[in-house]
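Here the structure is laid out as structure tokens; the discussion comes afterwards.
A short reminder: the numbers here are calculations on the coordinates, not readings from a lab. Computed from a predicted structure; not experimentally measured. Every residue, glycine among them, receives a Cβ derived from its backbone with ideal geometry; neighbour counts consider all protein chains shown.
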Amino acid sequence: MEISKLSWYYFHACDRIHDVVDDLYEALHKDNGTPKDKLTHVEQAMEGVRSAIYQELDLIKTAVSEHEDQQ
């Protein structure tokens, strides 16, 4: 894999992580802008966040591993 392709994977995985975190920030607030202050509401907002981030981190690890294998 060319180094530019590796960088492309890094960028897109990090960009998707950024989108997930942005969505989480929005979900942690009510429509009027005040933060949600109940644990159950925060837990609901967090559903899927870890798995989405871990998926992108796995993509990064897979990409660098493939890059190393081709060296």
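As I understand it, the value is the acute angle between the Cα axis of helix 3-27 and the longest principal axis of the Cα atoms of the chain; what does it come to in degrees, rounded to 10? It works out to around 10 degrees. Residue 13 sits among other residues whose Cβ lies under 12 Å from its own Cβ, and their net charge, with Lys and Arg +1 and Asp and Glu -1, is -2. Seen against the Cα atoms of the chain and their longest principal axis, helix 49-69 is set at about 10 degrees. What does the charge count near residue 44 come to, summing +1 for each Lys or Arg and -1 for each Asp or Glu among other residues with Cβ under 10 Å from its Cβ? Its environment carries a net charge of 0. Secondary-structure-derived ellipticity at 222 nm for the chain, considering helices only, amounts to -26000 deg cm²/dmol, per-run term -39500 (n - 2.57) for DSSP H runs with n ≥ 4.
Peptides 13-26, 34-47 ordered by packing proxy, namely the average of other Cβ atoms within 10 Å per residue, highest first: 13-26, 34-47.
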